[in-house]
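> Take a look at the following structure, please.
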Amino acid sequence: MTMIRALVVADEESKYIWDYFDRSRFRDIDVIISCGDLKPTYLTFLTTMVSAPLLYVHGNHDAIMLKTPPEGCDNLELKMQVIKGVRFIGFGGANSRSPKPFHYTETDVNRQIVRRMQEISFHGGFDVLVTHAPAHGLGDGDDLFHKGFSAYRTLIDLYKPAYHFHGHQHLNYGGTGKRILTYGDTTIYNGFGYSILELEFDIPKKRKRISYIKARYDWSRAYGRQQSSRTE
């Protein structure tokens, strides 16, 4: 069993961390996971002061990062990251037809995932999914802007990651109001604010790559079924 100690953050900068940082509180952190809508200076501060790699996705309020991205941090929307054998992949943005940066439709997200399919195939899947918006029906809200993406749910159905971390749905909003949900083999965690978590992974000694053609075929079938079920 592989253990990872993670600091998970999203949506709201912690005054406790930023103004009253106590290094002893954050000892032995292996990775910082940001689910979006946080200032780039805050993320730079975290990776510097905690002394751990920071993996992030963009939230719908993160247009400033196009000009001033966080320093010393890794964007999971660009490349999968592997830490202690655990594979992390991420997708940013929220459900919206606005032309603003990091506002996406369901079709946009489907295309983003298809573009990453070769990378997913090469790594034989992934262990942790990091997004800003939730998956559809799994901790999302009732209004259109806080509706989750079906594409994320299809990803979870296909690859059964150990964890899905998301933000966007503040815990004082509507929806389930729960920080943690269980969906099949996946623990879904709303990262609003900050949390320190002990994550467990059962990592095989050797992973098999997935055929890219099979991955594309399986995705097309599964995503098509997911969309059909929503329109019935």
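> Residues with beta-carbon under 10 Å from that of residue 149, excluding residue 149: net charge, scoring Lys, Arg +1 and Asp, Glu -1?
Residues near residue 149 contribute -1 overall.
> Give the lysines reachable from residue 39 as a straight Cα distance under 20 Å; neighbours fewer than 8 places away on the same chain don't count.
15, 67, 100
> For the stretch 26-150, calculate the relative contact order in percent as a whole number, restricting contacts to Cα pairs under 8 Å that are 6 or more residues apart.
Values: 229 pairs, mean separation 28.6, N = 125.
Value for the stretch 26-150: 23 percent.
> Can you tell me what share of the DSSP beta bridges in the stretch 2-231 is antiparallel? A percent to the nearest 5 is fine.
Details: 17 of 40 bridges.
That works out to approximately 45 percent antiparallel.
> Same structure again: Add -39500 (n - 2.57) for each DSSP H run of 4 or more in the chain, then divide by its residues: what number comes out at 222 nm, to the nearest 500 deg cm²/dmol? Write down the numbers at each step before the final one.
Working: 5 runs with 64 residues, N = 232.
Rounded to the nearest 500, it is -8500 deg cm²/dmol.
> Compute the signed sum of charges (Lys and Arg +1, Asp and Glu -1) over the other residues within less than 12 Å, Cβ to Cβ, of residue 94.
Once all neighbours under 12 Å are counted, the net charge is -4.
> Please work out the ratio of the alpha-carbon Rg of the stretch 1-136 to 2.2 N^0.38 Å and round it to two decimals.
That ratio works out to 1.06.
> Convert each backbone phi in the stretch 72-85 into a coupling constant with the Karplus relation 6.51 cos²θ - 1.76 cosθ + 1.60 (shift: θ = phi - 60°), then list the ³J(HN,Hα) values in order as whole Hz, x for Gly and Pro.
Karplus values, whole Hz, x for Gly and Pro: x, 10, 10, 7, 6, 6, 9, 7, 5, 10, 10, 10, 6, x.
> Only Cα pairs within less than 10 Å get springs; with that Gaussian network setup on the chain, which residue of 98, 220, 51 has the largest fluctuation?
Looking only at 98, 220, 51, the biggest GNM fluctuation is shown by 98.
> In a GNM of the chain with a 10 Å cut-off on Cα contacts, which of 87, 179, 115 has the highest mean-square fluctuation?
Result for the chain, Cα springs under 10 Å: 115 fluctuates most.
> Further, regarding this structure: What relative contact order, as a whole-number percentage, does the chain give when Cα pairs under 8 Å and 6 or more residues apart are counted?
Values: 492 pairs, mean separation 51.8, N = 232.
With pairs under 8 Å counted, the relative contact order is 22 percent.
> Same structure again: Which percentage, to the nearest 5, of the DSSP beta bridges contained in the stretch 1-129 is antiparallel?
So the antiparallel bridges in the stretch 1-129 amount to around 20 percent.
> Starting from a Cα-only point model with no solvent, please compute log10 I(q)/I(0) by Debye for the chain at q = 0.14 1/Å.
-0.86
> Can I ask one more? Under a 10 Å cutoff between Cα atoms, tell me which one of 37, 11, 108 has the largest fluctuation in the Gaussian network model of the chain.
Fluctuation is largest for 108.
> Which lysines, if any, have their Cα less than 16 Å from the Cα of residue 178, not counting same-chain residues under 8 positions apart?
147
Rule-based calculations on the coordinates, nothing more; no lab input. Quantities reported herein were computed from a predicted structural model and do not represent experimental measurements. Cβ atoms come from the backbone with ideal geometry, glycine included; neighbour counts cover every protein chain shown.
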